[in-house]
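Some notes on the structure that comes next.
The values are calculated or read from the model by the stated rules, or taken from the named source; none is laboratory data. Here the structure is a predicted model, which is why all the values come from computation and not from measurement. Side chains are part of the model used for accessible areas, which takes the heavy atoms of the whole protein and leaves out ligands, DNA and RNA. Shrake-Rupley method; radii C 1.70, N 1.55, O 1.52, S 1.80 Å.
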Amino acid sequence: VSHMGVLLDGRLVAVSGEDGEMRLAYSSDQGKTWTAGNQIDHLPMSSAAAGEGRILQLNDGTLVIPLFGYLPEVPGGLSAGVVRSSDYGATWSLSVIGRANPEESKYFSETTVANLNDGTLVALIRPGLNRSVSTDRGKTWSTPVASGLGGTHCSLAQLADGVLLCGYHRPVQLALSADGGNTWY
């Protein structure tokens, strides 16, 4: 299992799978045992991989899983997005955050998403790290813009005081943002 999260009911949830197939996996005993869940449908994205961030469950129960892969309209370039499910993984919908653009040498990967206290979702995606925002539970996203952080492989979480914490590397660093990821210190 990889890319874990904690559900509202306290169970752990993770992505499980190999050979391009991704499934949900659940644990009610702090990860000692796992139960296979539904397959994660990420179509039309092919060769999808779970992003760097954790699985989120929003207050309305919607599951949000960051990922990246290839879209049919740009098969040679990585694009980033999330898959969403409001029925515990029975059905999924893909929402694109960053669409590859080979003419501009724009490619996106290593997606991570944080759920802010006000319900806004903030995503950071490689390269850069580029920032994108969703105010409708991950259905649509703003155009990715440079965040000012120059790392890769990041993780993102909101602390109890509302400040965003981003851990990333090359070299290993931490950054904080008190304004939803607009500026970092």
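From the phi of every residue in segment 168-175, what ³J(HN,Hα) in whole Hz does the Karplus formula 6.51 cos²θ - 1.76 cosθ + 1.60 yield, where θ is phi - 60° and glycine or proline is x?
8, 9, 6, x, 4, 8, 10, 9
Taking a ≥ b ≥ c as the square roots of the Cα gyration tensor eigenvalues, with a/c under 1.5 meaning rounded and otherwise prolate when a/b beats b/c, else oblate, which class fits segment 1-68?
oblate
Using amide H atoms built 1.01 Å from N in the peptide plane, name the residues 5+ places from Asn38, or on other chains, whose amide H lies under 5 Å from its own.
Under 5 Å from the amide H of Asn38 lie the amide H atoms of Leu24, each far enough along the sequence or on another chain.
For Glu104, what accessible surface area do you get with a 1.4 Å probe? Give it in Å², rounded to 10.
About 110 Å², ignoring ligands and nucleic acids.
Using a 1.4 angstrom probe on the protein heavy atoms only, line up Arg131, Arg11, Arg170 by accessible area, largest first.
Sorted by accessible area, descending: Arg170, Arg11, Arg131.
Over the chain, calculate the relative contact order: mean separation of alpha carbon pairs under 8 Å at least 6 apart, over the residue count, as a percent.
The normalised contact order for the chain reaches 13 percent.
Please calculate how many Å² of accessible area the chain carries per residue, with a 1.4 Å probe and no DNA, RNA or ligand atoms counted.
49
Pick from Ser105, Ser93, Ser46: which is most flexible by mean-square fluctuation in a GNM of the chain where alpha carbon atoms under 10 Å apart are linked?
Of Ser105, Ser93, Ser46, the most mobile in the Gaussian network model is Ser105.
For the chain, just say rounded, prolate or oblate: build the C-alpha gyration tensor, square-root its eigenvalues into a ≥ b ≥ c, call rounded for a/c under 1.5, and beyond that prolate if a/b exceeds b/c, oblate if not.
Taking the square roots of the gyration eigenvalues as a ≥ b ≥ c, the chain is oblate.
Using a 1.4 Å probe on the protein chains only, how many percent of the accessible area of segment 20-95 belongs to carbon and sulfur?
Carbon-and-sulfur percentage of accessible area, whole number: 49.
If you build a Gaussian network model of the chain, linking Cα atoms that sit under 10 Å apart, which residue out of Ala80, Ala175, Ala25 swings the most?
Checking each option, the largest mean-square fluctuation is seen for Ala175.
State, as an integer percentage, the relative contact order of segment 40-83 based on alpha-carbon contacts under 8 Å between residues 6 or more apart.
36
Rounded to whole Hz and in sequence order, give me ³J(HN,Hα) for segment 134-146 from the Karplus expression 6.51 cos²θ - 1.76 cosθ + 1.60, θ = phi - 60°, writing x for Gly and Pro.
10, 10, 10, 6, x, 6, 10, 9, 6, 4, x, 10, 4
Can you sort Val122, Val163, Val1 by solvent-accessible area, 1.4 Å probe, largest first?
Heavy-atom accessible area, descending, gives Val1, Val163, Val122.
Given a 1.4 Å probe and heavy atoms of the protein chains only, how would you sort Val133, Val145, largest accessible area at the top?
The ordering from most to least exposed comes out as Val145, Val133.
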